[in-house]
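Written below as structure tokens is the structure these notes are about.
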Amino acid sequence: MEANMNLLHDAGIRTTHWLQQRFQGSQDWFLFISYAADLRNAFFVLFPIWFHFSEAVGIRLIWVAVIGDWLNLVFKWILFGERPYWWVLDTDYYGNNSAPEIQQFPLTCETGPGSPSGHAMGAAGVYYVMVTALLSATGGKQSRTFRYWVLWTVLWIGFWAVQVCVCMSRVFIAAHFPHQVIAGVFSGMAVAKTFQHVHCIYHASFQRYLGITVFLFSFTLGFYLLLWTFGVDLLWTLEKAQKWCSHPEWVHIDTTPFASLLRNLGILFGLGLALNSHMYQESSRLKQGQQLPFRLGCIAASLLILHIFDAFKPPSHMQLLFYALSFCKSAAVPLATVGLIPYCLSQLLATQDKKAA
């Protein structure tokens with residue numbers, strides 16, 4: 001088994017080496033793709049846009065992203081996947097022979113296990129939701145015209161082009177092996193496909209959101225502590241990252257497993273709080289009447305405020321404080337997008353209507 005994995009890892013290292021040599025001048029493009037594929041952009045950019053045009057799609061996007069990333073963490077802890085940037089320096093596979101030279105980048109030194117790729121899984125899930133939503137809005141089974149099939153072809157070609165770019169980016173920067181990004185893509189699509197048939201998420205109460213948030217956290221913490229009592233340290237990758245990353249400042253606490261867990265749970269908790277708030281109920285009534293101008297105003301205000309808000313970085317030198325503030329920061333994203341911003345705009349428009357009358 002270990003020999004087979006070594007052969008697979010060696011093939012991956014040689015693929016990374018070839019990509020870095022072949023596309024040496026394209027590193028800025030690959031770094032941009034890795035940055036754009038981060039789930040943070042799904043929460044701070046894609047979610048506000050989709051939610052104010054189609055609330056159901058926005059809600060499904062959040063659930064797919066959060067549950068998909070939670071499953072990704074569980075899979076990583078079970079599979080114990082290596083990462084290329086530390087494996088090539090840590091392994092004795094090459095013996096006296098020189099290992100292929102692998103370059104590292106600012107986004108290379110992720111601290112969690114590598115399989116499956118979280119970026120590939122997240123991008124596949126999120127973009128699958130968006131493509132299927134656009135196709136559903138265009139036409140159902142009864143209206144699949146030639147124009148529909150042209151759009152179907154263009155959207156799915158675009159979907160796979162994005163996935164190929166994300167996969168190549170993660171392999172290029174030596175953050176993942178090829179088999180890890182492939183597993184991530186198909187896992188993400190499976191999660192998104194599953195949530196097409198889960199309808200209870202659109203009308204879930206705050207108690208259900210709270211219960212699921214507590215369950216996900218408790219399961220993850222319990223799983224970690226259970227294996228820890230048997231002598232299995234699920235945070236073994238932190239030492240690898242700190243030891244083999246060529247620049248210590250590239251190792252960030254926000255890439256640790258528990259950081260991503262609390263960030264995602266904060267998003268889910270905030271969404272449940274916002275959807276069941278008085279602010280959301282009040283703004284929903286106006287949204288039905290105002291339609292496009294109100295929706296566009298909500299999108300513009302949300303993108304602007306969330307961009308400013310994203311500049312706030314919790315202090316990383318105190319781990320517990322960092323995790324707590326990360327949870328609160330994430331919870332504030334859907335609270336602002338779903339509740340506060342639409343409510344403030346609706347109150348502003350209502351005041352102007354009263355003055356005009």
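The values are calculated or read from the model by the stated rules, or taken from the named source; none is laboratory data. The structure displayed is predicted, hence computed values, not measured ones. With ideal geometry, Cβ positions are generated from the backbone for all residues, glycine too; neighbour counts draw on all protein chains shown. Please note that ligands, DNA and RNA were not included when accessible areas were found on the heavy atoms of the full protein model with its side chains. Shrake-Rupley method; radii C 1.70, N 1.55, O 1.52, S 1.80 Å.
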### Message
I need the shape label for the stretch 24-93. Rule: rounded when a/c is under 1.5, else prolate if a/b > b/c, else oblate, with a, b, c from the alpha carbon gyration tensor.
### Response
oblate
### Task
Would you mind calculating the gained length between H317 and D38 on full extension (0.36 nm times residue separation, minus the Cα-Cα distance), in nm to one decimal?
98.1 nm
### Query
With labels modelled as points extended 7 Å from the Cα through the Cβ direction, what inter-label distance (nm, one decimal) is found for T145 paired with V198?
3.6
#### Entry: Calculated from backbone phi, Karplus (6.51, -1.76, 1.60) coupling profile of the stretch 9-17 in Hz, x at Gly/Pro
5, 4, 4, x, 4, 5, 5, 4, 4
### Query
From the square roots a ≥ b ≥ c of the eigenvalues of the alpha-carbon gyration tensor of the stretch 74-119, which class results: rounded (a/c under 1.5), prolate (a/b over b/c), or oblate?
oblate
### Query
To the nearest 500 deg cm²/dmol, what mean residue ellipticity at 222 nm is calculated for the chain from DSSP H runs of n ≥ 4 alone, each contributing -39,500 (n - 2.57), summed and divided by the residues?
-23500 deg cm²/dmol
### Task
With a 1.4 Å probe and all protein chains in place, put D92, D254 in order of accessible area, largest first.
D92, D254
### Message
Check the chain for me: any Cys whose beta-carbon has no other cysteine beta-carbon within less than 4.7 Å?
### Response
C165, C167, C200, C298, C328, C344
#### Entry: Global form of the stretch 29-141, assessed from the alpha-carbon gyration tensor, a/c cut-off 1.5
prolate
### Message
Could you tell me the calculated FRET efficiency between R14 and L79, based on Cβ-Cβ distance and R0 = 22 angstrom, to the nearest 0.05?
### Response
0.50
#### Entry: Karplus 3J(HN,Hα) series, Hz, for the stretch 24-32 with 6.51 cos²θ - 1.76 cosθ + 1.60 (x for Gly, Pro)
4, x, 10, 5, 5, 5, 5, 5, 5
### Query
What order do you get for 129-136, 167-174 when each peptide is scored by the mean count of other beta carbon atoms within 10 Å, highest first?
167-174, 129-136
### Task
Return the sequence-ordered ³J(HN,Hα) values of the stretch 175-188 in whole Hz as given by the Karplus equation 6.51 cos²θ - 1.76 cosθ + 1.60 applied to θ = phi - 60°, using x for Gly and Pro.
8, 9, 7, x, 5, 6, 6, 5, 4, x, 4, 6, 5, x
### Query
Whose amide H sits under 5 Å from the amide H of S115, counting only residues 5 or more places off or on another chain, with H placed in the peptide plane?
G81
### Query
Using r as the Cβ-Cβ distance of A3 and L89, and R0 as 25 Å, what FRET efficiency do you calculate, to the nearest 0.05?
0.80
